[in-house]
Every structure is written in C-alpha cells, then in structure tokens.
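Since the structure comes first, as structure tokens, the remarks are kept for the end.
Read the figures in this text as sums done on the coordinates, not as results from a lab. Please read these numbers as outputs of a predicted model, since none were measured by experiment. We place every Cβ from the backbone using ideal geometry, glycine too, and count neighbours over all the protein chains shown.
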Amino acid sequence: MKKFLSFTAILAALTAFINPAYAEEKKEMTIPENAKVLVAYYSWSGNTKEVAEAIAEKTNGTLFRIETVKAYPEEYRATTEQAKKEINDGYRPELKDKVADIAQYDVIFIGSPNWWGTIAPAVSTFLSSYDLKGKKVIPFITHGGGGVQNTVKDLTAQCTGCDVAENSWVGYSSRTLGISGWLEDLGFNK
C-alpha cells in the first residue's frame, strides 16, 4: 500500500510538471454528443502542429493551420525579436486562409506556442476574425520552458462570449504525453 501511495504521488507530481494547468482542479465543460470539432493552430517550428494533429486524430476533428501571409524569418532569434515587437505593438498579421464555415463547429481547439508569455499574434488575428460567441473553445499551448504564463488568460480575454475550457493542455515542446487522458476528462472518449 505504501508503494502504491508513493507511485500515485510521483504520478501526480509528474503530471503537474508536464502540464501544470491540467493538474489544477477545473470546472467541467460539457461536450455535446457527436460534436463537430475544429482544431485550429499556429505553429512556427512544428511543435504545436504535432499536438494539433494528435488532438484531431483523437477527436475526429478537422485541422486548420493558422498561417500568416508574410512568413516569419527562418532564423529563431530573428523570429523571436519580430514576435516581441508585434506583441508589444498589438500587431495582428494578415492570415492566408479562413475557415469556410466556422458556424458548423461546436467545439474549437485553439493551439499556440507561448511567445513572450502570451499567444502568437497570428492566433490573436484568428480570434478577432470570427464570431465565436457561444462556442466551446479549448486552448492548447506549447512552450520551450516558459510554461503557461499569460497564454490561456490572454486567449480567454480575446475570445469574447466563448465558453473557454479552464482545463487547457499546456505541454513542453511537441510532447503529446497526457493528451489522451486530458481529452477523456473533457468528454472525448474515442
């Protein structure tokens, strides 16, 4: 029994380390049966894309890549400096494509890397481009060590009238550890 309790404590600590936002107790979001799911994401390096693909596979969701008209530089430092300036200036880059009929979706997962403690400017543009009032919105965030910071708070503030899940997924890099359990907790039992 003592070994089981130790294992349980270690597992809980590991879950909190991998995904601190997941470890907190959150209010439950009700997902409609046979919900139509959109998984929209912005990914500069491919990390958020990997997580988005895992979510779409497990929820039978439609993938939508949020992509800017003008690409960010290929060099990491140049991209981080440009992103910092855009965030500080409140800049919203133009996006290449739009979701054809966003009204058809019941649940929208929105993915972003943590850039300077908040969501990527392209995700802000996406959020301001649609009326998501009444939609169930579920954030997922990737980071290289910065954790959640203000990403979910800022996304929630920009998603006026949405039912934003408090139980967001926040993961280091492209690791998808814990996604299946998180989705089951949200009500997706594929």
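So the values come out like this:
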read-out	value
Sorted by Cβ neighbour density within 10 Å, fewest at the top, the residues TYR76, TYR42	TYR76, TYR42
Nonlocal amide H pairs with GLU67, under 5 Å, H built at 1.01 Å	LYS96, ASP97
Order by protection proxy (mean Cβ within 10 Å, highest first), peptides 181-189, 61-69	61-69, 181-189
Two-decimal log10 I(q)/I(0) for the stretch 104-190, as the Debye equation yields it once each C-alpha is a single scatterer, q = 0.11 Å⁻¹	-0.28
Cβ-Cβ FRET estimate between ARG77 and GLU33, R0 fixed at 45 Å, reported to 0.05	0.40
The stretch 155-185 versus the stretch 68-114: alpha-carbon centroid distance in Å	18
5 angstrom amide H check on LYS135, placed H, neighbours 5+ away	ASP163
Counted charge near GLN104, where neighbours are those whose Cβ lies closer than 14 Å (Asp, Glu -1; Lys, Arg +1)	+1
